[in-house]
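The structure appears right after this line, and notes come after that.
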Amino acid sequence: MAEAAVLEGSNSPAPADDASLKPFTVTLIIRRFDSEFDDEPRWVDYDVELFATDRILDALHKIKWEQDGSLSFRRSCAHGVCGSDAMRINGRNRLACKTLIKDLDISKPIYVEAIKGLPLEKDLIVDMEPFFASYREVQPFLQASGKPEKERIQSVAQRERFDDTTKCILCAACTSSCPVFWTDGQYFGPAAIVNAHRFIFDSRDEAAQVRLDILNDKEGVWRCRTTFNCSEACPRGIEVTKAIAEVKAAVLRGKPDVPKSDLVSA
Ligand code: SF4
Ligand code: F3S
Ligand code: FES
């Protein structure tokens, strides 16, 4: 006799007729665009059989593999690490691979479209080059002189100072949710500032002032109007607006000194 399935985190066997184990039909309405055939983007409906535990990425795969192979979107890791599948789902920027069907209201269609503010290439794919150009401009790499005999030592407190901004996966969910970025494509955008923060507050780095001067530009940190869309959109839970505020303060007052008690000598 076959063994009864056991629900995760429970000692009880799963009921044979558990509704969550049955597929149901969900309607996705996807904003499609192909410059070869379309003058303007168009919304197209798809009915898909899904389980509650499926993700929007699974729904997109089912549509591509079973209904229309021309549907185009980016994805790689499928587990919230690579940052390639940010898109607008029901008007909110999210990662398709981290958005479960059971967390959406499936009594209505689910709207899926490309992120805003970057040039639309095809369907859910945008041109990320302007986003990465801003990222490159803030010099997102460690700049330190001298050659220590071993590693460059850092205290726990020194490391914690920039821990939050190390979590960025460059998905662009923040930058493409920012109303300032929508209206002024020249604005560096929150993701570039987050990645500048990661090095500005690193005790081993010696180029903080260079980055602060870059972000003191008219398209830099002062363009931020503290609307918090970026913090709400970040799938990594980074306090983006707080990081921007810290960079603004550092532009005005310089990189803060590390408390003497936290100093570690190399
Ligand atoms: Fe994505 Fe968050 Fe990084 Fe912005 S800060 S690019 S939303 S991970
Ligand atoms: Fe934009 Fe975030 Fe500032 S949404 S205005 S960068 S707080
Ligand atoms: Fe990599 Fe979603 S596919 S983050």
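Kindly provide the set of residues from region 159-172 that are within 16 Å of ligand 3 (Cβ to nearest atom), in contact with a helix residue (DSSP H, G or I) (Cβ under 7 Å, 6 or more places away or on another chain) and over 11 Å from VAL240 (Cα atoms), ordered by number.
LEU170, ALA172 - these are the residues of region 159-172 that are within 16 Å of ligand 3 (Cβ to nearest atom), in contact with a helix residue (DSSP H, G or I) (Cβ under 7 Å, 6 or more places away or on another chain) and over 11 Å from VAL240 (Cα atoms).
Looking only at region 94-125, filter to residues that are part of a strand (DSSP E or B) and among the basic types (Lys, Arg); which one of those is farthest from ligand 3 (Cβ to nearest atom)?
Filtering region 94-125 down to residues part of a strand (DSSP E or B) leaves 94-95, 100, 110-113, 120-122, 125.
Within this subset, residues satisfying the condition of being among the basic types (Lys, Arg) are 94, 122.
Working: ARG94: 10, LYS122: 17 Å.
Among them, the one singled out is LYS122.
Scan region 204-223 for residues that are touching a Phe, Trp or Tyr at 6+ places or on another chain (Cβ under 6 Å) and in a loop (DSSP other than H, G, I, E, B) and report the count.
Of the residues in that region, 3 qualify.
Would you check which residues across region 135-149 are at negative phi, assigned to a loop (DSSP other than H, G, I, E, B) and touching a residue at least 12 places away in the same chain (Cβ under 8 Å) and list them?
Passing the criteria: VAL138, PRO140, PHE141, LEU142, GLN143, ALA144, SER145, PRO148.
Among (1) surrounded by 16 or more Cβ atoms within 10 Å (Cβ to Cβ); (2) touching a residue at least 12 places away in the same chain (Cβ under 8 Å), there is one condition HIS61 misses while meeting the rest; what is its number?
Unmet for HIS61, out of (1) surrounded by 16 or more Cβ atoms within 10 Å (Cβ to Cβ); (2) touching a residue at least 12 places away in the same chain (Cβ under 8 Å): (2).
Would you check if there is a residue in region 180-203 being in a loop (DSSP other than H, G, I, E, B), among the small types (Gly, Ala, Ser), within 16 Å of ligand 3 (Cβ to nearest atom) and modelled with pLDDT of 95 or more?
No, that holds for no residue.
Please specify each residue of region 75-97 satisfying the condition of being surrounded by fewer than 18 Cβ atoms within 10 Å (Cβ to Cβ) and of a type outside the set (A, V, I, L, M).
Of everything in region 75-97, those that are surrounded by fewer than 18 Cβ atoms within 10 Å (Cβ to Cβ) and of a type outside the set (A, V, I, L, M) turn out to be ARG75, SER76, CYS77, HIS79, GLY80, CYS82, ASN90, GLY91, ARG92.
When PHE132 is evaluated against the numbered criteria (1) away from ligand 1 (no atom under 13 Å from the Cβ); (2) assigned to a helix (DSSP H, G or I), which criterion, by number, is the only one it fails?
The single condition PHE132 does not satisfy is (1).
Search region 222-241 for residues that are closer than 21 Å to ASP184 by Cβ and in the same structural domain as LEU170 (by TED's automatic domain parsing) and pair each with any residue that is basic (Lys, Arg) and assigned to a helix (DSSP H, G or I) when their beta-carbon atoms are under 9 Å apart and the residues are at least 6 apart or on different chains.
TRP222/LYS248; CYS224/LYS248; SER231/LYS242; CYS234/LYS167
So how many residues does region 29-58 have that are in a strand (DSSP E or B) and touching a residue at least 12 places away in the same chain (Cβ under 8 Å)?
The qualifying residues number 14.
In this structure, is ARG74 part of a loop (DSSP other than H, G, I, E, B) and either within 16 Å of ligand 1 (Cβ to nearest atom) or in contact with a Pro (Cβ under 7 Å, 6 or more places away or on another chain) (or both)?
The answer is yes for ARG74.
Could you list, in sequence order, all residues of region 146-198 that are over 21 Å from ASP85 (Cα atoms) and polar (S, T, N, Q)?
Matches in region 146-198: GLN154, SER155, GLN158, THR183, GLN186.
The values are calculated or read from the model by the stated rules, or taken from the named source; none is laboratory data. All values reported here derive from a predicted model rather than from experimental measurement. Cβ coordinates were reconstructed from backbone atoms using ideal geometry, including for glycine residues, and neighbour counts include every protein chain displayed.
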